[in-house]
Amino acid sequence: MVDDLETVTGELTANALEHSASRTVTVTLARMARAAVISVTDEGRGRRNHHRRVPEPSSPPSDQEHGRGLLIIEALATCWGQRRVDGGLTVCAVIGAGYR
């Protein structure tokens, strides 16, 4: 569970840093009895679009070096999603022991 949590946290944070023009990115971790919830919030300012949304996971071409983060998150997380918060974008994922 710790490895999955570390990987998902890294992917969500990397996406926020790469795809937003945010000055700050906030990472939050909540621990429950058998699961953890990781949330990454940016200021919601996409490089090209103020109302940035997270794209759907898809398989990039085999020679492309980027674009697999959401596939990794989908594979490791019990569930994940996004929501607008005070003009920003929060993407969160649940990592649960024994829930997959």
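The numbers here are math on the coordinates, done by the rules we state, and not lab data. Worth saying up front: this structure is predicted, and the values here are computed from it rather than measured.
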**Study point:** Long-range HN-HN contacts of SER22 with modeled amide H, under 5 Å
**Key:** GLU43, ARG45
Check your understanding: Sequence-distant or interchain residues sharing an amide H contact under 5 Å with THR78, placed H: which?
Key -> VAL94, ILE95, GLY96
**Study point:** Added length on full extension, which subtracts the Cα-Cα distance from 0.36 nm per residue, LEU71 to VAL2
**Key:** 23.0 nm
